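The values are calculated or read from the model by the stated rules, or taken from the named source; none is laboratory data. Fair warning: this is a prediction, and the values are worked out from it, not measured in the lab. Here the Cβ is made from the backbone with ideal geometry for all residues, glycine too, and neighbour counts use every protein chain on show.
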Amino acid sequence: MTLPWYLYLYYGDRGTLETYFPDMSAYVDALAAKWPSGIVEEGFGDWCVPNEDGWENYFNEVAIVNSSLYWRFARIASQAAEVCGFSDDAARFAALADRIGAAFDARFHDGNGIYGSGSQTAQLMPLAFGMVPDGFVGKAVEGLLAAIERKGRRLDTGIYGTRYLMDVLADHGHIDLALALLTQPEYPGFGYQIGQGATTLWEQWSEKGGMHSHDHAMFGGVGASFYTRLGGIEPLSPGYETIRIRPRAPASLDWVRTRLRTVKGGDRLGMEKGRERL
């Protein structure tokens, strides 16, 4: 659903977007037909969050995760339609996104920045996608920080929450906490996996459980944050016609070096002890 849009965003590939827009449109229309309330009640949700006993709870925050993705899909479909020149579709999907957002807020928001159960994932998804009303963003971030504290400053996220953990914390001034959560040596986290001898990503946080793959791409999404938050390279227009360079410098890192080749050329961005240089 989203791949043609990201090919356009990162490569300026309008042709692929135009080719596959009918499929994108059909998919969102199918979701709208199945979930007219705007809330998606089925699916994997935030797959493979950790459990206290070291075994993963595979299904987690299903309605919040899948409904926020539904909202995101409708928004992307609207943006794609606008690029392709389909103004009626752009307006139709924008209106659908508004309805989904209203349903999401009515179902999950307590009116004070807390979403659903107030778990890390429940706070992360609407913050990551920009679904939180402006007046409640600060409260939603406070709710995320409180959720992290309740877990003893350990992450409590599966594939979606982990993907957006660094993004959200970095964007709100907590890059040091993000890096600490991801790298700390105790279960769960990537530091724990490395400490157990891992050289590739595991399918789940624990070494053993219901699924045992120790070479799995599932948690690899956070790697995007190394470029966009640590390296600080973000496109502001399709194909990196214009870019923003804004590294976030964790105190525990002495340097970060990233290289990104784009259709407009590429260079290396380095960061040494908080100093930025191109």
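Every residue, every condition in (1) within 15 Å of the chain's Cα centre (by Cα); (2) acidic (D, E); (3) part of a helix (DSSP H, G or I), yes or no:
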| site | (1), (2), (3) |
| --- | --- |
| L155 | yes, no, no |
| R163 | yes, no, yes |
| V168 | yes, no, yes |
| H214 | no, no, no |
| G221 | yes, no, yes |
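Pairing residues of the stretch 75-93 that are without any contact (Cβ under 8 Å) to a residue 40 or more places away in the chain with residues that are among the polar types (S, T, N, Q) and surrounded by 16 or more Cβ atoms within 10 Å (Cβ to Cβ), at Cβ distances under 8 Å and at least 6 apart in sequence or on separate chains, gives A90/S78; A90/Q79; A91/S78; R92/S78. Within the stretch 223-244, the residues that satisfy the criterion of being over 16 Å from Y6 (Cβ atoms) and either in contact (Cβ under 8 Å) with a residue 40 or more places away in the chain or assigned to a helix (DSSP H, G or I) (or both) are F226, R229, L230, G231, G232. For the stretch 113-141, filtering for residues that are touching a Lys or Arg at 6+ places or on another chain (Cβ under 6 Å) and either surrounded by fewer than 18 Cβ atoms within 10 Å (Cβ to Cβ) or under 20 Å from S37 (Cβ atoms) (or both) leaves 1.
Scanning the stretch 193-203 finds no residues that are surrounded by fewer than 17 Cβ atoms within 10 Å (Cβ to Cβ), assigned to a helix (DSSP H, G or I) and in contact (Cβ under 8 Å) with a residue 40 or more places away in the chain.
Annotation note: of W71, W47, the sole residue that is surrounded by 21 or more Cβ atoms within 10 Å (Cβ to Cβ) and in a helix (DSSP H, G or I) is W71. Scanning the stretch 55-72 for residues that are more than 22 Å from the chain's Cα centre (by Cα), in the same structural domain as Y164 (by TED's automatic domain parsing) and without any contact (Cβ under 8 Å) to a residue 12 or more places away in the chain turns up nothing.
Pairing each residue of the stretch 37-53 that is under 9 Å from N66 (Cβ atoms) with any residue that is at pLDDT 90 or above and assigned to a loop (DSSP other than H, G, I, E, B), provided the two are 6+ apart or on different chains, yields C-beta distances under 9 Å for E41/W35; E42/W35; F44/G158; G45/E61; G45/G158. Of all the criteria given as (1) more than 24 Å from M218 (Cβ to Cβ); (2) touching a helix residue (DSSP H, G or I) at 6+ places or on another chain (Cβ under 7 Å), the one not satisfied by P133 is (2).
Got a number for residues in the stretch 224-254 being within 30 Å of W47 (Cβ to Cβ) and loosely packed, with under 12 Cβ neighbours inside 10 Å?
1
Return yes when E61 is of a type in the set (D, E), surrounded by 15 or more Cβ atoms within 10 Å (Cβ to Cβ) and farther than 26 Å from R163 by Cα and no when it is not. When the stated conditions are applied, E61 does not pass them. For A80, are the conditions met, namely being aliphatic (A, V, I, L, M), over 26 Å from A30 (Cα atoms) and buried (at least 22 other Cβ atoms within 10 Å of the Cβ)? No, not satisfied. Quick test for you: out of N57, N51, N66, pick the one residue that is within 30 Å of Y187 (Cβ to Cβ) and at pLDDT 95 or above. Exactly one of N57, N51, N66 is within 30 Å of Y187 (Cβ to Cβ) and at pLDDT 95 or above, namely N66.
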